[in-house]
Amino acid sequence: MERNHRTSVQGVVTSVKMNKTIVVTVSTERNHPIYRKRVGYSKKYYAHDENNIAKVGDVVTIRGCRPMSKLKRFVLVSVDSHAALAEAAAEVEATLEAQEGIAEAAEGEKEAE
């Protein structure tokens, strides 16, 4: 029996609000015991992210480890793909903030006159 065989799963990051901790949602399917139909379900795992590199929407791989806190039993192994929507949303938000800054500056000049 191999001692260091650890469970590893792949899922989507759903929260990064805690420092050095991410919440990963893993979605899978299994057969219903009575109706024999495929039923989807998901489970949340708390994982340790030492450098805070994962963002919401990223697809990541996590691996089981010793308990690090009350809920954390996994550690981030790799970020498999970054969320393109998050990057696009950040660009749009920056553009809107720039436009609002220009509009606020124009309003400030009108009030000064």
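Structure summary
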read-out	value
Neighbour-count ranking [beta-carbon atoms within 10 angstrom, fewest first] of His5, His82	His5, His82
Sequence-distant lysines (8 or more away, or on other chains) whose Cα lies within less than 28 Å of Lys43	Lys17, Lys20, Lys55, Lys70, Lys72
Cα-Cα separations in region 1-82 greater than 16 Å, expressed as whole percent	53 percent
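Values quoted throughout were computed directly from the atomic coordinates according to the rules given, and no laboratory measurement underlies them. Predicted model only: the values in this text are computed from it and were never measured. For neighbour counting, all protein chains shown are included, and Cβ atoms are generated from backbone atoms with ideal geometry for every residue, glycine included.
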